[in-house]
Amino acid sequence: MRYLVWKRPISTTRGSVAKMSQLNHVRSLQRGIAILQIINQKNGLKAAEIAAIADIPRPTVYRLLETLEQMRLIVKDQTSDSWRVAIHAKSLSSGFRDEDWVIQTAVPEMVRLGRQVLWPLDLVAFRNSVMEIRESTHNFSPYSLDHGMVGLGLPVLGSSSGRAYLAFSPDDEREHVLAGLSVELGVEPPFVTVDGPLEKILGECRDLGVGFRREGFRSGTMSISAPVVFRKRVIACLTMVWIKSALSFESAVASYREPLIEAANRISAQVENLEYEIEELGD
């Protein structure tokens, strides 16, 4: 008995095969760029979230994320399993902010210091008239009472990070920010905080080498904050928060001020090194 077996016609022309391969490459490129844009716009997403937004199968997303990571265009945040735009993406756009540089150098230092001090740490940057928490160890600190801190806006005048930012910024930048806050808050200078007159507080911050908050908007806690400096600008602040009933202000400063400043200085140095790498990449 003879059987008739139907077979799909196969083109033997090299042109057809090459065209199909080219189309597959173009589609992969389109999907990769779409994923990079989504990560950039959302400032950190998990793979499943990226797949849902991009409407791309999850296995394909995993493969493209791995490729983008190998190209050093994205990095994975080990504290939250979310993906963020990487330092070397600056080669694609001059709009990549200094604050974005510092996040990727700060996380390893935050994890290292967090294991040492145990109290939660926040990486905070000035944005749109508030101090915005960009990264945090609250999720794995044994002493944290708060979670989901990333993205939270803190008052500039009432937070240790805001005071560190003002105290260690150049005079013209500080005056510009305070003028904007005066309009925003509807308050005329001189400013007075719950810890005392702002100018006095900023002077004490400079003497200590860190911003501080004894009282204020988060009752039951105190904090100190060290500036991360790049090109003489404060691009972020590294903050440690603790429960005031467990630790006095004086004890916290004596025990943790120096490690906090040293960690912030290491982050600053790493940002300088990354700038050098970016310049080498562009040459």
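The values are calculated or read from the model by the stated rules, or taken from the named source; none is laboratory data. Computed from a predicted model, the values in this text were never measured in an experiment. Glycine also receives a Cβ, built like all others from the backbone with ideal geometry; neighbour counts cover every protein chain displayed.
For region 150-164, which positions are aliphatic (A, V, I, L, M) and either touching a Pro at 6+ places or on another chain (Cβ under 8 Å) or within 19 Å of S182 (Cα to Cα) (or both)? Within region 150-164, L154, V156, L157, A164 meet the criteria.
Evaluate the following for I235: is it in contact with a Gly (Cβ under 9 Å, 6 or more places away or on another chain) and either in the same structural domain as L274 (by TED's automatic domain parsing) or buried (at least 16 other Cβ atoms within 10 Å of the Cβ) (or both)? Answer is no for this residue. Under the condition of being farther than 11 Å from F217 by Cβ, part of a strand (DSSP E or B) and in contact (Cβ under 8 Å) with a residue 60 or more places away in the chain, the residues counted in region 134-160 number 1.
Name every residue in region 142-171 that is β-branched (V, I, T) and over 16 Å from the mean Cα position of the chain (by Cα), in order of residue number. Of everything in region 142-171, just one residue is β-branched (V, I, T) and over 16 Å from the mean Cα position of the chain (by Cα), namely V156.
Considering every residue within region 176-197, establish whether at least one is closer than 17 Å to V234 by Cα and not aliphatic (A, V, I, L, M). Yes. When each of E184, E199, E173 is tested for being surrounded by fewer than 20 Cβ atoms within 10 Å (Cβ to Cβ), free of Cβ contacts under 8 Å to residues at least 12 places away in the same chain and among the acidic types (D, E), the lone residue that passes is E199. Looking only at residues in region 220-232 that are small (G, A, S) and modelled with pLDDT of 95 or more, which one is surrounded by the most Cβ atoms within 10 Å (Cβ to Cβ)? The qualifying residue surrounded by the most Cβ atoms within 10 Å (Cβ to Cβ) is S225.
Of the residues making up region 244-266, those that are within 19 Å of R218 (Cα to Cα) and under 26 Å from the mean Cα position of the chain (by Cα) are A252, V253. With respect to the conditions (1) at pLDDT below 90; (2) surrounded by fewer than 22 Cβ atoms within 10 Å (Cβ to Cβ); (3) part of a helix (DSSP H, G or I), E109 lacks only one, and its number is (1). One residue stands out among those in region 38-78 that are acidic (D, E) and at pLDDT 85 or above: the one that is surrounded by the fewest Cβ atoms within 10 Å (Cβ to Cβ), which is D55.
When you go through A263, A246, A252 one by one, which is the residue that is within 22 Å of S141 (Cα to Cα), surrounded by fewer than 16 Cβ atoms within 10 Å (Cβ to Cβ), of a type outside the set (V, I, T) and in the same structural domain as G153 (by TED's automatic domain parsing)?
On the way: A263 fails: surrounded by fewer than 16 Cβ atoms within 10 Å (Cβ to Cβ); A252 fails: surrounded by fewer than 16 Cβ atoms within 10 Å (Cβ to Cβ).
After applying the criteria, what remains is A246.
Scanning region 137-170 for residues that are of a type in the set (A, V, I, L, M), over 17 Å from R206 (Cβ atoms) and buried (at least 20 other Cβ atoms within 10 Å of the Cβ) yields a total of 2.
Listed residues L123, L118; which is more than 21 Å from G151 (Cβ to Cβ) and modelled with pLDDT of 80 or more?
On the way: L123 fails: more than 21 Å from G151 (Cβ to Cβ).
That would be L118, the only listed residue that is more than 21 Å from G151 (Cβ to Cβ) and modelled with pLDDT of 80 or more.
Annotation note: Cβ proximity below 8 Å between a residue of region 242-270 that is at pLDDT below 95 and a residue that is assigned to a helix (DSSP H, G or I) and among the hydrophobic types (A, V, I, L, M, F, W, C) (sequence gap 6+ or interchain) occurs for I267/V102; I267/A106.
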